[in-house]
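First up is the structure itself, then whatever we jot down about it.
Throughout, read-outs are computed from the coordinates displayed, never taken from laboratory work. Just so you know, these numbers come straight off a predicted model, no measurement behind them. Neighbour counts run over all protein chains shown; Cβ positions are idealised from the backbone, glycine included.
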Amino acid sequence: MNENPPSKLIFGVVIGTLAGVIAVLFAQYVFKGDDSKEVVKSPVNQELQTGSDKKNNSNKPPKLSLVDTRPDKGSSSSKSSKDSEDENKDKKDDESNAAWEALKALGDAKDKAEAQKETEEIASRLKLSPAQKETLEGLLNDKAARNSVAGMKLLTGKATVADMIASDEENYSKIDEEMRELLSGEQLEEYEAYAEEREVERIENKTKGDLDGIEDIPGITEEQMREAWDALIEINAKEKPGTLLNENSTREEFISVIDGALDSRVESMSSILTDDQLGAYQIGIEGFRKFISGMVPEE
């Protein structure tokens, strides 16, 4: 049996509690082919690698040049070269900042359009008053802004634990709390029904994500897939966003939640998969566990 994990194995472990965070991290953790795997470096890891390269280069003897042998280090030629390098660096920084600003602007426009669409759907279903509709749209826009800012920090390697948690796009807990204060009677009942439908959709989508990895395990049967679906539905239902972590959670708590989610999946599959199949599944799980542990910043 091939000891390396299936190409999509790790992508199946989608934690509902941290859906936005995990989605980004999964995009950076990839397997290439059946016989090799590669972990895509995050910006943080790239910086560490760059530092290591510089350290290694510092041990090499300097290359001889006419400039190095001249006593006058402050010559106009040397200064001109340094000024040129500084200008190039500033130009690259400006281009990089402009690219990020353009990317952020596109994301903000998309978020605003989605918030407006969701507002219209809920307002129509609940028959909200203009004031209620305005409040709802404000809540959705605030959520989108928090997700966007935190997500950008995550992608640039500057995120704190709080940012990683705040980037979860599927955490509607604050909005649900505000809406329960705002609504009453039939409107509240209808909103609770809407929130329940949204949660069912989240659970099913996360379970499909889990199964995408399991279906590539060698020898997997349709019966095993059905059993895995039932087991993973229960797991994802327990991992409702906003119930296990908040923006004040510590790194230790963050890692503990992820460890628990990964362990629960391995345990649930132990009675469904054969020993060889479970071994393949565990390879992917442990690889991701190690990867994400290195991604979470120290406090």
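In this rough spin-label picture, where each label sits 7 Å from Cα along the Cβ direction, the Thr135-Glu253 distance is 2.8 nm.
State the extension gain, in nm to one decimal, for the chain segment bounded by Glu87 and Ile233, taking 0.36 nm per residue of separation less the distance between their alpha-carbons.
Numbers: separation 146, 0.36 × 146 = 52.56 nm, distance 5.59 nm.
Full extension of this stretch gives 47.0 nm more.
Taken one residue at a time, the phi angles of the range 199-207 give Karplus couplings (6.51, -1.76, 1.60, θ = phi - 60°) of 5, 4, 4, 4, 4, 5, 5, 5, 5 Hz. Gly and Pro are set to x.
Stretched out straight at 0.36 nm per residue, the stretch from Ser184 to Glu196 would grow longer than its current Cα-Cα span by 2.6 nm.
Shape summary of the range 243-299, radius of gyration then Dmax from alpha carbon positions: 13.4, 40 Å.
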